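Step one of this worksheet: look at the structure below.
Computed from the coordinates by the stated procedures, all read-outs in this text should not be read as laboratory data. Predicted model only: the values in this text are computed from it and were never measured. Reconstructed Cβ throughout: ideal geometry from the backbone, glycine too, with neighbour counts over all protein chains shown.
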Amino acid sequence: MSNDRIDNKLKEYPSVWVKFAVMAVFILIMIFLGKITLQFNEITELGVRLIKGALYGLITPSWETIIDLSKNGLLYMVLETFAIGFLGTIIGAVLSIPLAFLCSHRTAPRWVNVIFITLVTVVRSFPTIMIAIMFVKTVGSGPFAGVLTMSIGSTGMITKMTMEAIEDLDNGVVEALDASGCNAFTKIRLGILPQLSAAMLSNILYRLDINVKNASILGLVGAGGIGAALIVGIEYRKWNDVGALLWGIVILVLIIELVSTKIRKSISSKD
Amino acid sequence: MFDDLIHVFVPRTYKLSNGKIVKEKVSKSPYIIIILILMVIGCGKIVGFNFSQLIKRGHFFFDMLKKMFPCNWSYWPMMKKAMLDTIIMSILGSVIGCVVALPVSFFLSANFKISKVITVSSRIVITLFRTLPIMVFACFFQLLFGMGTFTGTLAISVFTFTICTKMMYEYIETVDMGAYEAIQSTGASRIKCIWTSIWPQVKGYFFSTVLLTLETNVKSASILGYVGAGGIGIVLDSQLSLRKYSNLGLVVLVMTLTVVALEFLARYGRRKLSDV
């Protein structure tokens, strides 16, 4: 009797062969995809030598670059990268607040939502490198273009996260304010913002994390930050400089990540 | 008015009826706001923030958009291959990175008590690698393997690996270990224990991590072409230097649509996973 029950229960599960078949099909698809795009390159002797040099450079970063306090020094470039990420996040956050309210169906009519959600989605998916190029053409190369790129790039993401936080709000407070005859702005100021500030702050800190990391790429198209020096260093095989710059990025990102995780944890434990 | 302003920083004191003096608690937020404003001003100085220049030259931004759209549709056959490469690179990279990350994250999570020295030291190494942008990986692999999509796939895999490992081991540490201990007491091997007790608990999170990394990787894969790692970035760069803006418009349009579509699919998949 009990054996029957166990057997029946076992039969309800898909057999091991079905699982294997699914896995096999998946792996075959992956191999097929790889076949049509990847050309496998062999490791060249030159490549091995270069990588050895690079690894050696990582272990022995050039102290001249690290100590140098001028504009070509590590400290200034790290500071510039941080400034780009920080300002970009702040501007993005400020821009995203009205956008998030326009995107949420709680605070704006339906047709407004559709327009702004489409706008935000397009801006968010627009290739960042293209935004950077366009801003470099607009305001000239330099960190200012980087800040503008970062702010546009992060607006989309912060808006989306703030919008999701607005959807999760407790409606009771807003309804109570509504009943007492408040207008839309009072409702937002007294009913929504106090509930929202913790979630928003934590989103912004999370975004700061990502932005500082991404700010090191912007140098590729001349939008400031540490990336330009990094690319030049790799191109001219100045491995000791590259090592110093990479350590700069690592330490900067680690510090920002630690601080932001700590603040975010203290925010979420307060709730 | 002025009185109120002072009390933002200096606590109000009240004298109670029993003669005790009580200080009101002061909010920290004014100090935080002042620090933030100082930081914004400082950072603005560093990057040379120049609002008037932006307004004066702002039309250049829209000029470029106008040059790009309407875009040149006949360019599609030439860029089809590069776009496909980008998508496949990011799919393969995400899958390989996550699949490799899975056993490693079991190895690194503290609840299996493998070896503290190994766990901590490998975590430090992975954390160091995680802070690097994907472009750095692409540059180094490009030196080793030369240009091409293989380099790009490798760069994406390694980048995904570092992120996925961290997300997975943090999640595995929150998992309920009761089932694991129960199965261990039957005398099963460690791998069998993990396969039957831990894997069912983490598999939903794992698949949604794969989709999440896929979503971000498609976006970052467009940069890789710039450092010679294959994909649409090469086309973007070449059309930009040739000043063929209408072709560029099509490239940007296709990239945007691809990201939107993949984001939509990934979100759909993740919602399905969270239902299960």
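Site pair residue B:265 and residue B:16 shows an inter-label distance of 6.7 nm when each label is modelled 7 Å from Cα along Cα→Cβ.
Exposure proxy ranking for A:62, B:274, B:222, based on other Cβ atoms within 10 angstrom of each Cβ and starting from the fewest, stands as B:274, A:62, B:222. In plain terms, the residue of A:80, A:257, A:42, A:64 with the fewest other Cβ atoms within 10 Å comes first and the most crowded comes last, giving A:42, A:64, A:257, A:80. Simple rule: put +1 on each Lys or Arg Cβ and -1 on each Asp or Glu Cβ in chain B, find the dipole, and look at B:268, B:236, B:118; the Cα lying farthest toward the positive end is B:236. Based on DSSP loop calls and a cut-off of at most 16 other Cβ atoms within 10 Å, the longest stretch of chain B free of exposed GluC sites (Glu not before Pro) is what? It works out to B:25-172. A straight chain from residue A:25 to residue A:236 at 0.36 nm per residue would run longer than the Cα-Cα distance by 71.4 nm.
Only one residue of A:149, A:224, A:108 has its Cα farthest out toward the positive end of the dipole of the range A:102-241, where Lys and Arg carry +1 and Asp and Glu -1 on Cβ, and that residue is A:224.
Magnitude of the charge dipole for the protein assembly as shown, about its Cα centre and with charges confined to Cβ atoms of Lys, Arg (+1) and Asp, Glu (-1), is about 220 debye.
Helices assigned as whole DSSP H runs in chain B whose Cα atoms extend at least 15 Å along their own long axis and whose mean Kyte-Doolittle hydropathy is 0.0 or higher are found at B:29-47, B:76-108, B:116-130, B:134-145, B:149-172, B:199-224, B:245-275. Taking the number of Cβ atoms within 10 Å of each Cβ as an exposure proxy, the fewest-first ranking of B:17, A:260, B:185, B:94 is B:17, B:185, A:260, B:94.
Whole-percent P(r), chain A, all Cα pairs, 10 Å bins from 0: 6, 19, 21, 20, 17, 11, 4, 1, 0. On the principal axes of its alpha-carbon atoms, chain B has extents of 87, 75, 39 Å, going from largest to smallest. Take every Cα pair under 8 Å whose residues are at least 6 apart in sequence, average their separation, divide by the length of chain B, and the relative contact order is 25 percent. Counting only the Cα atoms, the protein assembly as shown fills a convex hull of 262 Å³ per residue. In this structure, the pairs whose alpha-carbon distance is over 22 Å, taken from A:137/B:80; A:137/B:56; A:137/B:67; A:137/B:81, are A:137/B:80; A:137/B:81. Helices in chain A that qualify as membrane-span-like (whole DSSP H runs, Cα extent of at least 30 Å along the helix axis, mean Kyte-Doolittle hydropathy of -0.5 or higher) are A:16-37, A:74-103, A:143-167, A:193-215, A:239-270. Dipole orientation for the protein assembly as shown: of the candidates A:200, B:100, A:28, A:200 has the Cα lying most toward the positive pole (charges on Cβ; Lys, Arg +1; Asp, Glu -1). Loop-resident trypsin sites (Lys or Arg not before Pro) (DSSP state other than H, G, I, E or B) in the range B:1-96 with no more than 16 further Cβ atoms inside 10 Å of their Cβ: B:12, B:20, B:25, B:28.
Straight-distance candidates among the aspartates and glutamates for linking to residue A:187, with alpha-carbon spacing under 13 Å and chain neighbours fewer than 8 residues away dropped: A:170, A:175, A:178. Measuring nothing but how far apart in sequence close Cα pairs (under 8 Å, 6+ apart) lie, relative to its length, chain A scores a relative contact order of 27 percent.
Using helices alone, I'd like the mean residue ellipticity at 222 nm for the protein assembly as shown: each DSSP H run of four-plus residues gives -39500 (n - 2.57), total over residue count, nearest 500. Value at 222 nm, helices only, nearest 500: -25500 deg cm²/dmol. This model, with +1 at the C-beta of Lys and Arg and -1 at the C-beta of Asp and Glu, gives the range A:50-270 a dipole about its Cα centre of some 100 debye. Each label was represented as a point 7 Å from its Cα along the Cα-to-Cβ direction; for residue B:201 and residue A:32 these points are 3.7 nm apart.
Spacing of the modelled spin labels on residue B:29 and residue A:64, each 7 Å from Cα toward Cβ, amounts to 5.2 nm.
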